[in-house]
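Before any comments, here is the structure.
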């Protein structure tokens, strides 16, 4: 799976979709980095689903990698928050 972002080309349309809050939260749990768009996440979901048809083990590895990257992102955010709190206490 490529990590390259698909750039919007002239003529491509952007749309709005309604999601239940629960659905939004579940989608966000697949975010690998803070700036990953919902479009990127939904494309990733579709990629994993299509991969699972032909190669369930490969799909499982992809999901495990997403989980690892997400855990790393959460840990980095936690560390940044701690560092900021320490910095504010020193002021």
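None of the figures in this text is laboratory data; all of them are computed from the coordinates on show. Everything quoted here is computed from the prediction, not taken from an experiment. Note that we place each Cβ from the backbone using ideal geometry, even for glycine, and neighbour counts take in every protein chain shown.
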Considering each residue of the stretch 6-36, count those that are closer than 18 Å to residue 77 by Cβ and touching a residue at least 24 places away in the same chain (Cβ under 8 Å), and give that number. 6
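Report whether or not residue 12 is part of a loop (DSSP other than H, G, I, E, B) and loosely packed, with under 12 Cβ neighbours inside 10 Å.
Details: part of a loop (DSSP other than H, G, I, E, B): yes; loosely packed, with under 12 Cβ neighbours inside 10 Å: yes.
Judged against the criteria, residue 12 is a match.
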Could you list, in sequence order, the residues of the stretch 52-91 that are touching a residue at least 12 places away in the same chain (Cβ under 8 Å) and over 16 Å from residue 34 (Cβ atoms)? 62, 63
